[in-house]
Amino acid sequence: MLISNEKIQELSLKIKQLIESSPISELNNNLHALIQGAITKMELVTREEFDIQSALLARTQQQLKRLEEKISQLEEAQASRK
């Protein structure tokens, strides 16, 4: 016994409608909203944003190190003049 594509599609549509009207669908929607809200509260960033901020931090640390070295040199020069 063969079932036509039309009957399969009709059955599939009825199953989909049944699931959409069931508590499972509502639970799925609520769970999705709950997870989305939790992710939003975490204030996550994209990988690209993270990489940009990491590179900026590395450059800032290098500049700070150079400035600290320059200050040390200036302090040593000032101390040797006294």
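Going by the structure shown, is Ser25 of a type in the set (Gly, Ala, Ser), surrounded by 10 or more Cβ atoms within 10 Å (Cβ to Cβ) and touching a helix residue (DSSP H, G or I) at 6+ places or on another chain (Cβ under 8 Å)? So Ser25 fits the description; yes.
Between Ile71, Ile52, the distinction of being under 26 Å from the mean Cα position of the chain (by Cα), surrounded by 10 or more Cβ atoms within 10 Å (Cβ to Cβ) and part of a helix (DSSP H, G or I) belongs to Ile52 only.
Looking for something in contact with a Ser or Thr (Cβ under 8 Å, 6 or more places away or on another chain), modelled with pLDDT under 85 and surrounded by 10 or more Cβ atoms within 10 Å (Cβ to Cβ) - is there at least one such residue anywhere in the range 5-21? There is at least one residue in the range 5-21 that is in contact with a Ser or Thr (Cβ under 8 Å, 6 or more places away or on another chain), modelled with pLDDT under 85 and surrounded by 10 or more Cβ atoms within 10 Å (Cβ to Cβ).
The values are calculated or read from the model by the stated rules, or taken from the named source; none is laboratory data. For clarity, every value in this text was computed on a predicted model and none was experimentally measured. Using ideal geometry, Cβ is built from the backbone for each residue, glycine included, and neighbour counts are taken over all protein chains shown.
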